[in-house]
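Here's the structure, in structure tokens; my notes come after.
All of the numbers you see were taken from the coordinates with simple rules; none came from a lab. This is a predicted model, so every value here is computed, not measured. Reconstructed Cβ throughout: ideal geometry from the backbone, glycine too, with neighbour counts over all protein chains shown.
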Amino acid sequence: MTEELTFPNGIRLLAAWQRGEPGAAKRLREIMDAAIDGEYDAQFRTPPPTDRVNLGGSVNMTTLSLLHDLYGFDSMEVYRGDADRYVRTTMMTRLLLGMNKMYISWAVYALAAEALGQETMYPDKFPPGADPDQPLLNRDNWHLLSTPDFDSGVAGHIRDLVDSYTRITGLEPILQISAPYNMAADIYGQEPLLGELINDPEFANKLLDHIVDTVHKPWIDHHMARHPNGWVELSDASGSPFFIGPENCKNFSIRAIRRLKEENPWGHRVYDANYRGDYVATVEKKDRRSARKERRAAAPKVDLAALTAEKHKICEDYVIRLHDDLVPVDFYASEAIKQRVPFFAGVGSAEVDRNGIADLEAAKADLDRRTREKVREVRRVAHAIRAGGYTEQMPPWPGTLYFEDISGEASFDLVETAIRAGLEEGAL
């Protein structure tokens with residue numbers, strides 16, 4: 001077997017490539033060439049372990065950086081080019097990093113919006129995004145949004161990515177698209193949509209309902225008709241408590257997803273797990289009526305307990321804690337035990353960013369401590385729910401140390417530290 005697939009050889013090769021060391025890019029090109037040719041497909045079909053904490057997450061921006069540097073591909077070629085190549089290079093990136101759980105991710109927000117006709121910007125070596133100066137919808141034309149052809153154009157390419165991932169890895173098909181609120185933010189505009197939430201909430205929900213009925217329901221119908229065992233992972237960063245507050249998250253973002261889950265036979269196979277910023281549900285609001293006194297208004301109507309309950313309604317099979325939630329890890333672990341489901345603990349992109357590190361050794365020691373704590377909590381949940389009668393052996397069992405976003409700007413020294421902590425602490 002290729003020696004770089006044994007931890008930590010692969011991640012140290014990535015670190016050498018990042019530093020510009022002679023020979024590193026050449027060796028990575030050889031490995032990626034072989035991966036593209038299908039020579040590592042057997043490794044990509046290795047199932048995640050059931051007796052230790054899984055290590056997984058989002059690595060598509062590292063893959064983008066690699067393909068740009070090694071092949072000269074821009075983001076259009078990476079994300080809209082050959083589907084098999086994208087899947088295989090993404091899986092290889094995961095193996096080089098030392099992850100033991102295969103999982104696919106792509107430029108979810110940009111591709112989903114572009115599939116509807118949204119103007120999209122494709123930089124050379126950075127992920128694509130909706131053009132904020134040219135929103136597809138406005139107050140005058142929002143009702144004209146129509147259902148796209150899911151077998152052609154960008155939607156057809158997303159279909160091909162799902163098919164390639166399923167065929168190459170042997171894993172269950174998973175369609176990844178933006179959730180209704182985030183899709184609205186991309187095609188209506190972030191600021192205009194926020195304005196509607198404040199000034200005309202009835203219209204805001206009418207817009208979200210139109211997107212649910214016109215885009216999401218037929219898209220998921222199409223996916224499930226092709227893959228009866230399929231899953232749908234929605235992403236809704238813009239609809240998070242951090243950005244729009246816990247009450248708006250419940251009443252707009254989560255409400256729209258609940259419609260999909262509750263009104264359709266495949267609803268139990270739809271989930272969203274990327275809401276972030278839960279800490280805002282613990283913060284009391286200042287009373288703006290008094291400039292002299294530090295009066296505070298009542299706590300938010302949707303407090304942390306209520307927000308957690310709402311989030312569980314749209315992600316029923318596991319509980320996840322992301323870095324930006326800023327709420328103690330053990331709160332989420334205890335919630336997972338209460339719900340009798342596995343626990344995912346996030347490692348944030350800021351925790352492994354190479355920029356602004358004053359003392360690398362100190363940063364590594366701090367990250368090692370935090371990561372081991374997270375892995376121990378994932379283990380604690382696994383033991384507790386197994387003792388309580390949880391019998392599943394497939395993911396999300398037994399729980400995951402989830403790297404939220406590893407990009408080409410990550411410190412591979414820090415990533416290695418976190419991966420090592422996960423491997424050393426992960427045995428159940």
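Quick check on my link table: of Lys125/Lys313; Lys101/Lys364; Lys338/Lys364; Lys125/Lys364; Lys125/Lys206; Lys261/Lys338, which ones sit more than 31 Å apart, alpha carbon to alpha carbon?
As for pairs spanning more than 31 Å Cα to Cα, those are Lys125/Lys313; Lys338/Lys364; Lys125/Lys206.
For the chain, divide the Cα radius of gyration by the Kirkwood radius and give the resulting Rg/Rh value with two decimals.
We get a ratio of 0.96 for the chain.
What is the local net charge at Glu404, summed over the other residues whose Cβ is closer than 10 Å to its Cβ (Lys, Arg +1; Asp, Glu -1)?
Value of the local net charge: -2.
For segment 106-315, what D do you get in µm² per second when you plug the Kirkwood radius from alpha-carbon pairs into Stokes-Einstein at 10 °C and 1.306 mPa s?
Once the numbers are plugged in, D ends up at 88 µm²/s.
Once you have the Cα-Cα distance between Glu202 and Tyr279, take 0.36 nm times their residue separation minus that, and quote the gain in nm to one decimal.
25.0 nm
Taking only the C-alpha atoms, wrap a convex hull around segment 34-106 and report its volume per residue in Å³ as a whole number.
80
Can you tell me what share of the DSSP beta bridges in the chain is antiparallel? A percent to the nearest 5 is fine.
If I count the DSSP bridges inside the chain, around 20 percent turn out antiparallel.
With each run of n ≥ 4 DSSP H residues scored as -39500 (n - 2.57), what mean residue ellipticity at 222 nm is computed for the chain after dividing by its residue count and rounding to the nearest 500 deg cm²/dmol?
After summing the helix terms and dividing by residue count, I get -14500 deg cm²/dmol.
Can you pull out the trypsin sites (Lys or Arg not before Pro) in segment 94-186 that DSSP calls coil and that have at most 16 other Cβ atoms within 10 Å?
Lys125, Arg139
For the pair Asp149 and Lys301, what calculated FRET efficiency results from E = 1/(1 + (r/R0)^6), where r is the Cβ-Cβ distance and R0 = 56 Å, to the nearest 0.05?
Rounded to the nearest 0.05, the efficiency is 0.85.
Below 13 angstrom from the Cβ of Glu263, what's the summed charge of the other residues (Lys, Arg +1; Asp, Glu -1)?
Around Glu263, the surrounding residues sum to +1.
Once you have the Cα-Cα distance between Tyr390 and Asn229, take 0.36 nm times their residue separation minus that, and quote the gain in nm to one decimal.
The span from Tyr390 to Asn229 would gain 55.8 nm if fully extended.
Within the chain, which is the longest segment containing none of the GluC sites (Glu not before Pro) that sit in a DSSP loop and have at most 16 other Cβ atoms within 10 Å?
The reported range is 120-262.
How long are the three semi-axes of the equivalent ellipsoid of segment 63-104, in whole Å, if each is the root of 5 times an eigenvalue of the C-alpha gyration tensor, listed from largest down?
19, 12, 6
Using the Karplus equation 6.51 cos²θ - 1.76 cosθ + 1.60 (θ = phi - 60°), what ³J(HN,Hα) coupling, rounded to whole Hz, does each residue of segment 71-78 give in order, writing x for Gly and Pro?
10, x, 6, 8, 5, 4, 5, 5
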